[in-house]
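Student: Dropping the structure in here first, questions after.
No lab work stands behind these numbers, since they all come straight from the coordinates. The structure displayed is predicted, hence computed values, not measured ones. As a convention, Cβ positions derive from the backbone with ideal geometry for all residues, glycine included, and neighbour counts pool all protein chains shown.
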Amino acid sequence: MNPEEVSEYNREQRSSFQTIRHACHMLSPSVKEELLASLDPYLKFRREVDAFQEEYFTSICRPACFETRLSACCGFESIFMFFADEVITFLVSTPWEISRLFDVLQRPNKTTHCVYLGAEGCLWKVRPISCAMFFCDEAKKTLFERVPEAEQLWLDFQGREKTFTRPTQKILFDDLEAFFIGLKADSPHMYYHKSPGLLRLKAQSGLNGTPRVRPSK
């Protein structure tokens, strides 16, 4: 493999996952169990989002985007994600599932779509929240005209998403970053501690970034 052929995006992604793997090796079993338990409400939310997608959107999106490879959401290599997205999928994945991520990131992406898009779909155990919550305007228009009540269900999901990702209150995504920073981890995807906009929003909301789950001493 020629390292120069691997994109900066792939290198950043791989480095971030390596950082998470190294930090997790430092955790005692009890702390890791507590960390996993802190994900339960979010994973429940994601299961409900997936069920909603399967019931309402799959019949629209699969033939229009996935099967034609014209996907508006998976058609770019540089999908947006948070550090917490990476942590969550790392913690709930099997070693084999993690190895697939590392394998795909260490070789050049010569496709015209997202590096994580495999033959059966996304390689992530829990897709980034920006992917899970993205449906194009055409798909939403088609669905809401067919099933008007689905629009309110979708709005409810968007509101619930903010309880995990919008730092106007204590949220899981900010807590996970703070937890791993406590383990001396670093990643360019730690936007809750690096993005001027999110830092300003946290300050306006009086948040100090103290994680609810703490690293073991």
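Student: Cut-off under 19 Å on the C-alpha distance; same-chain residues fewer than 8 positions from LYS44 excluded. Which aspartates and glutamates are left, in chain and number order?
Tutor: GLU33, GLU34, GLU54, GLU55, ASP85, GLU86, ASP156, GLU161, ASP174, ASP175
Student: Pairs LYS125/LYS194; LYS140/LYS170; LYS110/LYS140; LYS32/LYS162; LYS110/LYS184: which are spaced more than 28 Å apart, C-alpha to C-alpha?
Tutor: LYS140/LYS170; LYS110/LYS140; LYS110/LYS184
Student: Right, another one. For GLU151 and GLU5, what does the FRET efficiency come to when R0 = 45 Å and r is the distance between their Cβ atoms, rounded to the nearest 0.05?
Tutor: Values: r = 45 Å, r/R0 = 1.00.
The formula returns an efficiency of 0.50 here.
Student: In nanometres, what is the gap between the two model label sites at LYS194 and GLU54, each 7 Å from Cα along Cα-to-Cβ?
Tutor: For the pair LYS194/GLU54, the computed spacing is 3.5 nm.
Student: Roughly speaking, what is the stretch gain from TRP96 to LEU36, that is 0.36 nm per residue apart minus the C-alpha to C-alpha distance, in nm to one decimal? Walk me through the numbers before you get to the answer.
Tutor: On the way: separation 60, 0.36 × 60 = 21.60 nm, distance 1.88 nm.
Extra length available between TRP96 and LEU36 comes to 19.7 nm.
Student: May I ask for the Kirkwood hydrodynamic radius of the chain, worked out over all distinct Cα pairs and given in angstroms to one decimal? Please report the intermediate quantities before stating the final value.
Tutor: On the way: mean 1/r = 0.0536 Å⁻¹.
In the chain this quantity evaluates to 18.6 Å.
Student: Here is a follow-up. Can you give the relative contact order of the chain as a percent, counting alpha carbon pairs under 8 Å and 6+ residues apart?
Tutor: Working: 213 pairs, mean separation 63.5, N = 217.
Relative CO of the chain lands at 29 percent.
Student: Sticking with this structure for a sec: So what does the Cα-only Debye profile of the stretch 1-48 read at q = 0.26, 0.32 Å⁻¹, as log10 I(q)/I(0), no solvent term?
Tutor: -0.92, -1.03
Student: Taking 7 Å along the Cα-to-C-beta vector as the label spot, tell me the SER205-THR163 distance in nanometres, rounded to one decimal.
Tutor: 1.3 nm
Student: While we're looking at this one, here's another question. Given the Cα atoms of the stretch 118-211, and with Rh set as the inverse mean 1/r over their pairs in the Kirkwood sense, what is Rg to Rh to two decimals? The partial results should precede the final answer.
Tutor: Values: Rg = 16.7 Å, Rh = 15.6 Å.
Looking at the stretch 118-211, the ratio lands at 1.07.
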